[in-house]
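Student: Structure incoming, see below.
The values are calculated or read from the model by the stated rules, or taken from the named source; none is laboratory data. What you see is a predicted model, and the numbers here were worked out from it, not measured in a lab. Here the Cβ positions follow ideal geometry from the backbone for every residue, glycine too, while neighbour counts run over all protein chains shown. Heads up: the accessible areas ignore ligands, DNA and RNA and are worked out on the full protein's heavy atoms, side chains in. Shrake-Rupley method; radii C 1.70, N 1.55, O 1.52, S 1.80 Å.
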Amino acid sequence: MTDDIEQRLDQMLYEAEWLPDGLGKLTLLDEAVRLADMTGDVDWQYRARYELAMTAALGGFPERALVAHSWMVAAFDQHPGRFPADDFLWHYKRTVSVLDEFPQISREKIESVFADLRGRYEREGMSLRGYFSRRLYAARGMGDDWRPFAPAWRHAPSDGSQDCAACE
């Protein structure tokens, strides 16, 4: 039975790749997460949630992105080396971009999440350019002074983990 579920999961994730971000794609990915959870396979669970989180963040459902992100952080930490750190941190960077949209998330919690993100970049030996970019935009979104982050962002080396030139 697991083989049938895995085939269906593979098909669902493939189909989702071709859909525009939005409710239809999110519904399909919700079902993929449900099926992945039925397998008990952390690789399928992670993959389905990665796609769900990306779709939710880009498709206007940031609260859904945060739920999937929380699960992914726990899985990433429980299974060191199992998931590519650069993909995980790319996702993490995207997720922190929506934190300022939630007035119910305290500034202290947001600062804690950014400290965690920075620590993860540093542990992986990656440039902090992506971190400073997200930190700058979050400060601006929360009405804080973003200018202290601008020089660090501009002077941090590019290593492929930052946003594309147009996004920066």
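Student: Read phi for every residue in the range 56-62 and hand back ³J(HN,Hα) as whole Hz from Karplus 6.51 cos²θ - 1.76 cosθ + 1.60, θ = phi - 60°, with x for Gly and Pro.
Tutor: The phi angles translate into 5, 5, 7, x, x, 10, x Hz.
Student: Next up: With θ set to phi - 60°, apply the Karplus curve 6.51 cos²θ - 1.76 cosθ + 1.60 along the range 92-104 and write out the HN-Hα couplings as whole Hz, x wherever there is a Gly or Pro.
Tutor: So the Karplus estimates, Gly and Pro as x, are 4, 4, 5, 5, 5, 5, 9, 4, 6, 7, 10, x, 6 Hz.
Student: Further question on the same structure: According to the square roots a ≥ b ≥ c of the eigenvalues of the Cα gyration tensor, what is the shape class of the range 1-95, taking rounded for a/c under 1.5, prolate for a/b larger than b/c otherwise, and oblate for the remainder? Let's see the in-between values first.
Tutor: Values: a/c = 1.84, a/b = 1.04, b/c = 1.76.
Verdict is oblate for the range 1-95.
Student: Are there trypsin sites (Lys or Arg not before Pro) in the range 78-163 that DSSP puts in a loop and that have at most 16 other Cβ atoms within 10 Å, and which ones?
Tutor: Here the trypsin sites (Lys or Arg not before Pro) that fit, given the DSSP loop and packing criteria, are ARG82.
Student: Continuing with the same structure: Give me the extension gain from ASP145 to ARG8: residue separation times 0.36 nm, minus the current Cα-Cα distance, reported in nm with one decimal.
Tutor: 44.5 nm
Student: At R0 = 22 Å, how high is the FRET efficiency between HIS155 and SER112 if r is their beta carbon distance? Nearest 0.05 is fine. Walk me through the intermediate numbers first.
Tutor: Numbers: r = 25 Å, r/R0 = 1.15.
Efficiency computed from Cβ-Cβ geometry: 0.30.
Student: Restricting to DSSP H runs of at least four residues, report the calculated mean residue ellipticity at 222 nm for the chain, -39500 (n - 2.57) per run over all residues, nearest 500 deg cm²/dmol.
Tutor: -22000 deg cm²/dmol
Student: Would you rank MET12, MET142 by solvent-accessible area, highest first, keeping every protein chain in place and using a 1.4 Å probe?
Tutor: MET142, MET12
Student: Additional query: Once you have the Cα-Cα distance between GLU124 and LEU58, take 0.36 nm times their residue separation minus that, and quote the gain in nm to one decimal. Display every interim value, and only then the final one.
Tutor: Values: separation 66, 0.36 × 66 = 23.76 nm, distance 2.57 nm.
Computed gain between GLU124 and LEU58 is 21.2 nm.
Student: Hey, could you grab the Kirkwood Rh for the chain? Inverse mean 1/r over distinct alpha carbon pairs, Å, one decimal.
Tutor: 16.9 Å
Student: Let me ask another. With θ set to phi - 60° and the Karplus curve 6.51 cos²θ - 1.76 cosθ + 1.60, what are the ³J(HN,Hα) couplings of the range 71-76 in order, to the nearest whole Hz, using x for Gly and Pro?
Tutor: 3J(HN,Hα) across the range 71-76, in whole Hz: 4, 5, 4, 4, 5, 4.
Student: Mind checking which of GLN45, GLN11, GLN104 has the largest fluctuation in a GNM of the chain, springs on alpha carbons under 10 Å?
Tutor: GLN104
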